[in-house]
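Have a look at the structure below before the remarks.
The values are calculated or read from the model by the stated rules, or taken from the named source; none is laboratory data. Since the structure is predicted, the reported quantities are computational estimates derived from the model, not experimental observations. Here the Cβ positions follow ideal geometry from the backbone for every residue, glycine too, while neighbour counts run over all protein chains shown.
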Amino acid sequence: MTILVIDDQVNVVNGIVSGVDWESAGISKVLCAYNASMAREILECQPVDILLSDIEMPVEDGLSLFRWTRGRRLPVECIFLTSHADFIYVTEALKLGCFDYLLQPARYEEICGAVRRAVERVQQNREAQQLYSYGKAVYRNRDLFFQGILKDWLTGAALQLKEILRCFGDLGIPMREETQIRIVMVHLLRWYDEPWEAAPLYTALENVAAELFEQLGQRLLLLRLEKTSYLLFLFPKALQNLPEEAVLEAQVARLAEALQTHLHCGIACYTGAAVPIKESPALVQRLKKMSLNNVSRQSGIFFYEQPKELPPAFIRTDKLPYWKNLLLNGCTKMTEEEIFSYLRRAEESNVLTREFLEQFCGDFICMIATLPQENDFRNILSQPEIQDPFSHASENLEGTLTFIQRVLQRFQPPEGRGSEKDQINRIVEYIQHHLSEELRRSDIAEAVYLNPDYLSRLFRKEKGMCLKEYILCEKMKIAQAILRSTDLPVAVAAARVGFENYSYFSQVYKKVIGVNPSAERLKGPNA
């Protein structure tokens, strides 16, 4: 907070500046002016929160100066000092909206107290202005309100709970400080097909969740935290109670199942116990930590519990010298198998966390960096196929394994498998050999040792179409050949390319080929 002290007597200004305990009043910067003209110059050049001004000054008095700040709509609070308790002065000052009015000589403690109260007023006005801005956003876009005020509050913004509850009330959502809520964090782990865009994804998640939890008499607010993380705020309608934990768990399981089926992705749901709304930010932080520590990217329903201490033996491994020696002796594949085995055992022992992976990746990088100079680790990290997995190496086990594998591949003699063209050839070869199956992006990526997201970007870049579109086209080509060259029923042709649902097969066939399967049959050998 900044205060500007104004008086035409230099000794008065100096006495106030040195005599008042500004720190205890909440002031971090004190400015001085010895007339109204000098004060205006300061106010035009830099922000000031509080004026502490004498009224009676030559040329222009303090009332005129304060009137000028009001005309400029400067957000300042004003405390007047005067030697005369003149009723006219008091009336004019109050009309202008001054914060306080002190008679001189005023004790420094009295001035400090008035300034402290003015600081509180400034803080309240700022909060009110911030909430007013949120309020305007509500009328323009309800989603912006929830993505704004809730996210700010949950991440530690200086907002008063009572003001947030008031905003909820304005939206027709009655809440009190003691209102019990439950929070579920929904984390989308991996996409089995092409990822959804943000807007339709939000709508789909909101619709499915609202339908399920309304059955339990619950209202729901959906908040997008990050690209793949969402929060469900559950609270009772009217005076109904929150559901029991067992009932909630069952409904969250139905939610996860519905989302996995509808969105074609892996889902993890982290659920907290019922808490008063004021404890929401702390609970959200605990759920976020649970999500970060699910480095194995396991799907399922997880309830919050106190974190367990990790066995020290799994935090720092003593196998680094052994792995380094394997690399120096050209045993790259054995090194990879040993490291992967170590990480899998850590996963099975339930000690794998975000902290564990961060430390392990750091140790691994240090090990590689201490190898002989001809291996030049800095150049390895600068390679495009290394940079992407490196930036996500400690986020989850899959990312760690991909990063390690990419780095160790640089220690092997070239086998003609590193270029993007070679990667695409391996992808296409795998697809052609599995057209009779249900092909998922995650399965293909695992088979060709690529990250699923990288695989999608690479395939679209090289083939000019998305992976799913290519797979369907190839499947329909096979089905077309069967329908034209054999007398097999259409249902058999559909099954041969991995379609169990005849109706869905017909829709896809017509979309890709342009005619119905039955019409294609008329072009067959006996047509």
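Any residue that is modelled with pLDDT under 60, hydroxyl-bearing (Ser, Thr, Tyr) and out of contact with any His (no Cβ under 8 Å at 6 or more places or on another chain) - is there at least one of those in the range 130-153? There is at least one residue in the range 130-153 that is modelled with pLDDT under 60, hydroxyl-bearing (Ser, Thr, Tyr) and out of contact with any His (no Cβ under 8 Å at 6 or more places or on another chain). So Tyr470 fits all but one of (1) out of contact with any helix residue (DSSP H, G or I) (no Cβ under 9 Å at 6 or more places or on another chain); (2) assigned to a helix (DSSP H, G or I); what number is the exception? Going through the list (1) out of contact with any helix residue (DSSP H, G or I) (no Cβ under 9 Å at 6 or more places or on another chain); (2) assigned to a helix (DSSP H, G or I), Tyr470 breaks only (1). Taking the range 3-21 as the range and being under 44 Å from the mean Cα position of the chain (by Cα) and surrounded by fewer than 16 Cβ atoms within 10 Å (Cβ to Cβ) as the test, only Asp21 passes. Here Ala258 fulfils each of the conditions (1) at pLDDT 85 or above; (2) of a type in the set (A, V, I, L, M, F, W, C); (3) assigned to a helix (DSSP H, G or I); (4) surrounded by 20 or more Cβ atoms within 10 Å (Cβ to Cβ) apart from (4).
Please enumerate the residues belonging to the range 261-282 that are within 12 Å of Leu234 (Cα to Cα) and outside any helix (DSSP H, G or I). Result: Thr271, Gly272, Ala273, Ala274, Val275, Pro276.
No other residue among Leu31, Leu51, Leu74 is modelled with pLDDT of 90 or more and under 20 Å from Arg126 (Cα atoms) apart from Leu51.
Hey, any hits in the range 236-243 for a residue that's loosely packed, with under 14 Cβ neighbours inside 10 Å, modelled with pLDDT under 80, of a type in the set (Lys, Arg) and over 30 Å from Arg440 (Cα atoms)?
Scanning the range 236-243, I find at least one residue that is loosely packed, with under 14 Cβ neighbours inside 10 Å, modelled with pLDDT under 80, of a type in the set (Lys, Arg) and over 30 Å from Arg440 (Cα atoms), so the answer is yes.
Put simply, of Met476, Met465 the only residue that is out of contact with any Leu (no Cβ under 8 Å at 6 or more places or on another chain) and in a helix (DSSP H, G or I) is Met476.
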